[in-house]
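Notes for the one structure printed next.
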Amino acid sequence: MPALESNTRIAVIGAGAMGSGIAQVAAQAGHPVFLHDQREGAAEAGRAGIARQLQRRVDKGKMSQQALDDIVGRIHPVAALEEVAEAGLVIEAIVEDLDIKRALLSRLEALCTDDTILATNTSSLSVTALGAGMKHPERLVGMHFFNPAPLMALVEVVRGLATDPTVAETVHATASRWGKKPVYATSTPGFIVNRVARPFYAESLRLLQEQAADAATLDALMREAGQFRMGAFELTDLIGHDVNYAVTCSVFNAYYQDPRFLPSLIQQELVAAGRLGRKSGQGFYRYGEDDERPQPQTEAMRESRASTVIVEGDLGPAGALTERLRAAGLTVIERAGKGQIRFGQAVLALTDGRMATERAATEGCHNLVLFDLAFDYASATRLAIAAADQASPEAIDDACALLQRAGFAVSRVADRPGLVVMRTVAMLANEAADAHLHGVATAADIDLAMQAGLNYPDGPLRWSDRLGSHRVFTVLSHLQRSYGEDRYRPSLLLRKNVFANKGLHHE
Ligand code: NAI
C-alpha cells in the first residue's frame, strides 16, 4: 500500500511529550496537522514547544527561519475533537489507560469518515483490546513512536487481531515517508523493543544483586567491551526507575510471570525510596552539582613476567586478540588446542557460561582465568575477567598483565556464570529468537528495531550469528544448569538452529 499523500490531514490527540513530537514529525513531512488536547491551552503549548525546539536548529544554522515558519504554520491546535473529523489518519497519544483510550476511539469512530485510519501510540496496552469496543476494529493499528519522536527513528507498526493488513501497510509506508524506520509487530506484551530489551536491564541487575561487581564497573563493561551507548544503570537512571520498573512488571505479568522477565528487588527498592534516577537527583548514581560518577574497578597495572604467549586452537569470536597481542610486541606461538591462551602461569579462555571455578575443576586446569565477550576485540578498551577459586595469585597477575599489555583496562569481576557482556548478549538473542518464534516480528525487523530504537551496536540475532548459534546455545544451557532456573532456558528456535547449523538473522 502506498504512503498517505503529504496533503493528507493528520490529527494528533494528546499534546504531551509524545503527541507534540509526533505532530512535529508529521508537519515536517509536509502534512497539515490538527493537534488536540482535552486540557485547555495544552495544544497551543505543544505547538510553542515545537517552535522552541526548531528555533534551536535555526540558531545553529541547521534550518532556515522559513522552514521553521512553514512547519509550525502547518500545525493547528484545535479545541474541539470534532475538528479532526476530516483527517485521513488520527494518532492518539493520550494517557495510557485502556478505558479512556477506548472511549476516545469510539468517539473518533463516530466523528471521522469511514476510511480514516485510527492509530494508537500505546506502549503497553493491547491493540486488540483497544479495538475490541470499536465498530470497525480493522481500521485501528498501533503506531508506536519512541521518545523523543522527532529524533528516534523507530516506529513499531502494531497489528491487533482485527487490524486490516492494508491499514498496517499504509501506516508503515507513511512512517517511511516521514523518514522513520518502521517495523511490523503483532500485538503482544511489550511488542518488540520493550520485550526483547528486558534482559539488558535484568542481567546487570542480577549481577549487581549477586555482587559480581559494582554498578559503575558493570556499566563501564557494557560500554567499553559491549559497545552499548550506556550501561543498564546509567540508562535506567535516565529513563526513570519508576518507568523502567513499571514496564518490567507489566511485561512480567502479561507473560503470566514467566521467570525470564522477573523484576529486580534492587530496582523495587530504588522506586520505594524515591530514588528514581536523574529526575529525582539520585538513582544508582547521584546527580547533584558536585557529584562525580564513581570510577569503575580497574586492576592496577601488572608487570609482565613473560614475553611469549601461546595461543592454542581457535579463539572463536576472540580471534582478533591474537593480532592485538602481536601488535603489543609479544611473541605469539600458535598451536593446536581447544581455544585458550597460555601466558606465564595463566590459562585464559572465553567464557562459555560456566563459572571459572566449575570449569577449572572439570577440566583439571587450576589456573583458569575466564574473559568476557567484547563486541570487537580489536578495538575494545576494557575487558572483564573472572578467575577460578583455585587459580594462584601469580596466574591472576599474569592474566591481568597480558590483557593490560594489549591495551585493555581490566575489570576483575566475581566468578559468576557467563560474566557480563556474554550473558547479556546471549539472553538478548534468546529473547529475540523467542519473539520471532512466537510470530511477534520477522528476524530482520527485530534486529532493526533493537538498533533503531535503542542504538544497540548490532541486532541481537545478527550478533548471535556472529558468535554462532552453537556458542550462544551453550552459554545459555550452562547458565540454565548453573542457576537451575527456567529463566535461562534456550529458545526452541536457537536449539533447532544449532542442529540445522544455521543462524537466526535470516530466519
Ligand atoms: P503525557 O502525559 O506527556 O501527555 C498526554 C496528554 O494527553 C496530556 O497532555 C493530556 O492532557 C492529554 N489527554 C489525556 N486524556 C485525554 C483525552 N481523553 N483527550 C485528549 N487529550 C487527553 O504522556 P506521553 O508521555 O506523551 O504519553 C502519551 C502516550 O504515548 C501514552 O499512551 C504512552 O504510553 C505513549 N508513549 C509514551 C512514551 C514515552 O516515553 N513517554 C514512549 C512511547 C509511547
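Once the piece of chain linking Asp115 and Arg305 is laid out straight, how much longer is it, given 0.36 nm per residue of separation minus the C-alpha distance between them?
Working: separation 190, 0.36 × 190 = 68.40 nm, distance 7.60 nm.
Between Asp115 and Arg305, full extension yields 60.8 nm more.
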DSSP loop trypsin sites (Lys or Arg not before Pro) in the stretch 266-373 with at most 16 other Cβ atoms within 10 Å of their Cβ, which ones? Arg305, Lys338
Counting DSSP beta bridges with both partners in the stretch 143-226, what percentage is antiparallel, nearest 5? 35 percent
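List the trypsin sites (Lys or Arg not before Pro) within the stretch 185-235 that DSSP assigns to loop and that have no more than 14 neighbouring Cβ atoms inside 10 Å. List each step's numbers first, then the result.
On the way: sites: Arg195, Arg206, Arg223, Arg229; in loops: Arg229.
Here the sparse-neighbourhood loop sites are Arg229.
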Count the DSSP beta bridges whose two residues both fall in the stretch 10-187, then state the antiparallel fraction as a percent rounded to the nearest 5. 15 percent
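Which of the trypsin sites (Lys or Arg not before Pro) across the stretch 53-99 are loop residues per DSSP, with 11 or fewer other Cβ within 10 Å? Intermediate values should be presented prior to the final figure.
On the way: sites: Arg56, Arg57, Lys60, Lys62, Arg74; in loops: Lys60, Lys62, Arg74.
For trypsin sites (Lys or Arg not before Pro) across the stretch 53-99 that sit outside H, G, I, E and B with at most 11 neighbouring Cβ atoms in 10 Å, the list reads Lys60, Lys62.
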Which entries of Lys338/Lys496; Lys62/Lys180; Lys62/Lys101; Lys180/Lys496; Lys101/Lys180 show an alpha-carbon separation above 30 angstrom in the structure shown? Lys62/Lys101; Lys180/Lys496
At Tyr256 and Glu363, where each label point lies 7 Å from the Cα along Cα→Cβ, what is the point-to-point distance in nanometres? 4.0 nm
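Give me the number: length gained by fully extending Val78 to Ile333, i.e. 0.36 nm times residue separation minus the C-alpha to C-alpha distance, one decimal in nm. The partial results should precede the final answer.
On the way: separation 255, 0.36 × 255 = 91.80 nm, distance 7.39 nm.
Gain on stretching Val78 to Ile333: 84.4 nm.
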Inter-site label distance for Leu98 and Ala48 at 7 Å from Cα along Cβ, in nm: 3.8 nm
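Can you give me the accessible area per residue for the chain, using a 1.4 Å probe, in Å²? Intermediate results must be reported in sequence, preceding the final value.
On the way: 20750 Å² over 507 residues.
For the chain, the per-residue accessible area is 41 Å².
Report the charge-dipole magnitude of the chain in Debye, nearest 20, computed about the Cα centre from +1 at each Lys and Arg Cβ and -1 at each Asp and Glu Cβ. Show your work: numbers first, answer last.
Details: 52 positive and 60 negative charges, 159 e Å.
Value, rounded to 20: 760 debye.
Hey, what number do you get for the chain at 222 nm if only DSSP H runs of n ≥ 4 count, each worth -39500 (n - 2.57), divided across all residues, to the nearest 500? Provide the component values of the computation, followed by the final result.
Numbers: 20 runs with 218 residues, N = 507.
The helix contribution divided over the chain gives -13000 deg cm²/dmol.
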How much length would be gained if the chain were fully extended between Glu40 and Arg229, taking 0.36 nm per residue of separation minus their Cα-Cα distance, in nm to one decimal? 64.1 nm
Using a Förster distance of 35 Å, how high is the FRET efficiency between Glu5 and Ala67, based on the Cβ-Cβ distance and rounded to 0.05? 0.95
For the chain, give me the percentage of DSSP beta bridges that are antiparallel, rounded to the nearest 5 percent. 30 percent
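Give the carbon-plus-sulfur fraction of the accessible surface of the chain in %, rounded to a whole number; probe 1.4 Å, heavy atoms of protein chains only. Present the calculation step by step, with values, prior to reporting the outcome.
Working: 10440 of 20750 Å².
Looking at the chain in its full context, I get 50 percent from C and S.
The values are calculated or read from the model by the stated rules, or taken from the named source; none is laboratory data. These numbers come from a predicted model, not from an experiment. Don't worry about glycine lacking a Cβ; one is built from the backbone with ideal geometry, like all the others, and counts go over all protein chains shown. The area values use the complete protein model at the heavy-atom level, side chains included, leaving out ligands, DNA and RNA. Shrake-Rupley method; radii C 1.70, N 1.55, O 1.52, S 1.80 Å.
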